[in-house]
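Heads up, the thing below is written out as structure tokens.
What follows draws every value from the coordinates through simple rules; no lab data is involved. Note that the structure is a prediction, hence the values are computed from the model and not measured. All Cβ positions, glycine included, derive from the backbone under ideal geometry; neighbour counts span all protein chains shown.
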Amino acid sequence: MKKILASLLILICTPFASFAQSSDIVVSGEWARPILIAGRPGSAYSHIENTGSEDDKLVMVTSSVSPRLEIHEHTMTDGVMKMGKVDGIVVPAGGSVDLKPGGYHIMIFDSIKKYATGEEIDLKLTFEKSGVIEKTVTVFSKSPN
């Protein structure tokens, strides 16, 4: 009887567990610039779309290629382009955000190894509501789009 109840409970709860892990965030078009000397900074880019009805926020990015990744933004201040760390990027409900050169992007500092065009690196993007999305990112010398 206990086995039957346990099996029934698993069958009932499985759809809810799957639903809880679904995400309204879609990350696509991801790419990174090469790092030709280990330890030098690099950058990564992507398109982030929110298909949900609530805003979400990219709050952290991690990778096995570096102990330190930061979310950055380029801004124009008094005619001078500046780059700085931001605490996250809001992805509006039903909208999208592009991480691209000259705008929002992911900075890769203190890289453990070098990587060249055609290689791949891993990224784990953490969102406030959607949790962690893991991506394999191809390295290009310039935007593939």
Inset, instruction - Please list, in chain and number order, the residues 5+ apart from Asp55 or on another chain whose amide H is under 5 Å from its amide H, with Hs placed from the backbone. - result: Ala93
Legend entry - Restraint check, Lys82/Lys135; Lys57/Lys100; Lys82/Lys124, Cα-Cα greater than 23 Å: Lys82/Lys135; Lys82/Lys124
Legend entry - Two-decimal ratio, the range 79-145, of alpha-carbon radius of gyration to 2.2 N^0.38 Å: 1.29
Legend entry - Simple Cβ-charge dipole of the range 36-145, Lys/Arg +1 and Asp/Glu -1, about Cα centre, in debye nearest 20: 460 debye
Inset, instruction - Compute the length gained on full extension between Asp55 and Arg68: take 0.36 nm times their separation in residues and subtract their Cα-Cα distance, giving the result in nm to one decimal. - result: 2.1 nm
Legend entry - Per-residue ³J(HN,Hα) for the range 90-98, Karplus 6.51 cos²θ - 1.76 cosθ + 1.60, θ = phi - 60°, Hz, x for Gly and Pro: 6, 10, x, 4, x, x, 8, 9, 9
Legend entry - Charge sum, other residues only, whose C-beta stays under 12 Å from Lys142's C-beta, Lys/Arg counted +1 and Asp/Glu -1: +2
Inset, instruction - Show me 39-46, 69-76 ranked by packing, highest mean number of other Cβ atoms within 10 Å first. - result: 39-46, 69-76
Inset, instruction - Find how much the distance from Asp87 to Leu36 grows on full extension, using 0.36 nm per residue of separation minus their present alpha carbon separation; answer in nm with one decimal. - result: 15.6 nm
Inset, instruction - Could you calculate the FRET efficiency of Lys129 with Val80 from 1/(1 + (r/R0)^6), where r is the beta carbon distance between them and R0 is 41 Å, rounded to 0.05? - result: 0.70
Inset, instruction - Would you grab the residues whose amide H sits under 5 Å from the one on Ser111? Only those 5+ places off in sequence or on another chain, please, with H modelled 1.01 Å from N. - result: Gly39, Arg40
